[in-house]
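J.: Take a look at this one; I'll ask things after.
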Amino acid sequence: MSKINVTMATLENHNHIVGDIERGVKVYNDGGVKFEEREANHFWAHVPHQDGHKAVVVTFSRDGQELENHYCHCTAGVKDPPVCRHVVAAVLAIQGGIVDSKLVLGKTATVSATVNHSVTAKTVGSGSLDVFATPMMIALMEQAACRCLENCLEEGQTSVGTDINVQHTAASLLGAEITATAAIAHISGRKIEFTVTASAGAGQIGSGNHTRVIVDAERFMKKAGSRK
C-alpha cells in the first residue's frame, strides 16, 4: 500500500461541511472503518453510520499527500461535493491516524533588513534610483516564507518558490528598516500558499501572494542537472 500522509490543514482547505472535520475525527476514533486499496492510491471504504454504514471512495495524489477525488453516499448528486465526516474518517483510517505536522493555517514568520546600497534599484539594475529595489523586496518576502517552513521540513527536504504575485506600493530610502511577513493561507499537500507583506516605518510598502512547494533537495537538484 502506498504511504498516505494527508494533513488536517490540507483537509480543512477542501470545500467541507462545517464541523465535519471534527466529526470525522470522532468517527475515526470510534473505530470500525474498513477499507481496501483497489488501485494505486485509490481506496474504497465502509464508514460506520447510525443507519449502518456509508460507502466512500477516495483517490490520493501520487505522493500520497493530497486528496484528489472523493465520493460518499451522503453527498451523492451534489455538484462539487464537499468533504464530509465519512470521507475524513476514511482518510484517517487509510493513513493510520492524524498526521503529525507543524504546517498549520495562519502560521507566520518575519524577516528584516536595512536598505543599503547593495539592495537599491540602482545597484541591482531594476531602476536608476537609490531606493529599495522591488526584486529585493520580493527576495525578503521569500525569505520570510522559507523561515515559516523551517521547522516543518523533514531531513533532506527544502522548499522552492514556484509563483509570486506582489505589488510594490511605496518607495524606501537608504537606511530604512524593512520587515517582510509571510503567513500560510492555503495548504495542499506539499504546495503551500502564503500571503506576503512588506513594511517600513511609515507603513506597508508591498503585498501579495507567494507559493512554495516542499521537495526532496537531492532529487530536485538531480532533476535540475538533467536539464543542462
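The values are calculated or read from the model by the stated rules, or taken from the named source; none is laboratory data. A quick note: this is a predicted structure, and the numbers were derived from the prediction, not measured. Because the Cβ atoms are built from the backbone with ideal geometry, glycine has one as well, and the counts that use them run over all protein chains shown. Just so you know, the surface numbers come from the protein's heavy atoms only, side chains and all, with ligands and any DNA or RNA stripped out. Shrake-Rupley method; radii C 1.70, N 1.55, O 1.52, S 1.80 Å.
J.: Determine the pairs where a residue that is more than 14 Å from Glu177 (Cα to Cα) and part of a strand (DSSP E or B), located within region 111-126, has a partner that is basic (Lys, Arg) and open to solvent by 20 Å² or more (accessible area, probe 1.4 Å) with Cβ atoms under 7 Å apart, the partner being 6 or more residues away or on another chain.
T.: none
J.: How many residues does region 1-54 contain that are out of contact with any Cys (no Cβ under 9 Å at 6 or more places or on another chain), of a type in the set (D, E, K, R) and either assigned to a strand (DSSP E or B) or closer than 25 Å to Phe194 by Cβ (or both)?
T.: Adding up the residues that qualify gives 6.
J.: Among the listed residues Thr211, Thr181, identify the single one that is open to solvent by less than 60 Å² (accessible area, probe 1.4 Å), modelled with pLDDT of 95 or more and under 14 Å from the mean Cα position of the chain (by Cα).
T.: Checking each option against the conditions leaves just Thr211.
J.: Condition first: aliphatic (A, V, I, L, M), in a helix (DSSP H, G or I) and touching a Pro at 6+ places or on another chain (Cβ under 9 Å). Can you find one or more residues in region 89-98 that meet it? Break it down stepwise before answering.
T.: Here is the first cut: in region 89-98, the ones aliphatic (A, V, I, L, M) are 89-94, 98.
Filter once more, so that each one left must be in a helix (DSSP H, G or I): 89-94.
Among the residues that remain, those that are also touching a Pro at 6+ places or on another chain (Cβ under 9 Å) are: 89.
Checking region 89-98: at least one residue is aliphatic (A, V, I, L, M), in a helix (DSSP H, G or I) and touching a Pro at 6+ places or on another chain (Cβ under 9 Å).
J.: Right, next: So in region 2-25, with the set limited to residues that are open to solvent by 50 Å² or more (accessible area, probe 1.4 Å) and without any contact (Cβ under 8 Å) to a residue 40 or more places away in the chain, which one is farthest from Val78 (Cα to Cα)?
T.: Only one residue tops the list, namely Glu22.
J.: Could you grab the pairs with beta carbons closer than 6 Å, sequence gap of 6+ or different chains, first residue in region 156-175 and within 13 Å of Ile138 (Cβ to Cβ), second one open to solvent by 80 Å² or more (accessible area, probe 1.4 Å)?
T.: Between residues of region 156-175 that are within 13 Å of Ile138 (Cβ to Cβ) and residues that are open to solvent by 80 Å² or more (accessible area, probe 1.4 Å), the close pairs are Asn165/Asn209.
J.: Which of the residues that make up region 70-88 are assigned to a helix (DSSP H, G or I) and open to solvent by 50 Å² or more (accessible area, probe 1.4 Å)?
T.: Residues satisfying the conditions are His73, Cys74, Arg85.
J.: Does Thr169 satisfy the criteria of being open to solvent by 30 Å² or more (accessible area, probe 1.4 Å) and modelled with pLDDT of 95 or more?
T.: On the way: open to solvent by 30 Å² or more (accessible area, probe 1.4 Å): yes; modelled with pLDDT of 95 or more: yes.
It is true that Thr169 is open to solvent by 30 Å² or more (accessible area, probe 1.4 Å) and modelled with pLDDT of 95 or more.
J.: Determine whether Thr197 is more than 30 Å from Asp30 (Cα to Cα), of a type in the set (S, T, N, Q) and without any contact (Cβ under 8 Å) to a residue 12 or more places away in the chain.
T.: Against the criterion (more than 30 Å from Asp30 (Cα to Cα), of a type in the set (S, T, N, Q) and without any contact (Cβ under 8 Å) to a residue 12 or more places away in the chain), Thr197 does not qualify.
J.: Restricting to region 185-202, count the residues that are open to solvent by less than 40 Å² (accessible area, probe 1.4 Å) and either closer than 16 Å to Leu140 by Cα or not aliphatic (A, V, I, L, M) (or both).
T.: 6
J.: Shifting gears a bit: Mind listing whichever residues of region 89-126 are open to solvent by 40 Å² or more (accessible area, probe 1.4 Å) and on the phi > 0 side of the Ramachandran plot?
T.: Selection gives Gly96, Gly106, Gly125.
J.: Please verify whether region 64-73 includes one or more residues that are more than 28 Å from the chain's Cα centre (by Cα) and modelled with pLDDT under 95.
T.: yes
J.: Tally up the residues in region 184-208 that are polar (S, T, N, Q) and either closer than 16 Å to Arg147 by Cα or within 18 Å of the chain's Cα centre (by Cα) (or both), please.
T.: Applying the first criterion (polar (S, T, N, Q)) to region 184-208 yields 188, 195, 197, 199, 204, 207.
Checking the rest, the ones that are also either closer than 16 Å to Arg147 by Cα or within 18 Å of the chain's Cα centre (by Cα) (or both) come to 188, 195, 197.
Within region 184-208, residues that are polar (S, T, N, Q) and either closer than 16 Å to Arg147 by Cα or within 18 Å of the chain's Cα centre (by Cα) (or both) number 3.
J.: Within the bounds of region 131-145, is there any residue that is surrounded by 15 or more Cβ atoms within 10 Å (Cβ to Cβ) and over 19 Å from His210 (Cβ atoms)?
T.: yes
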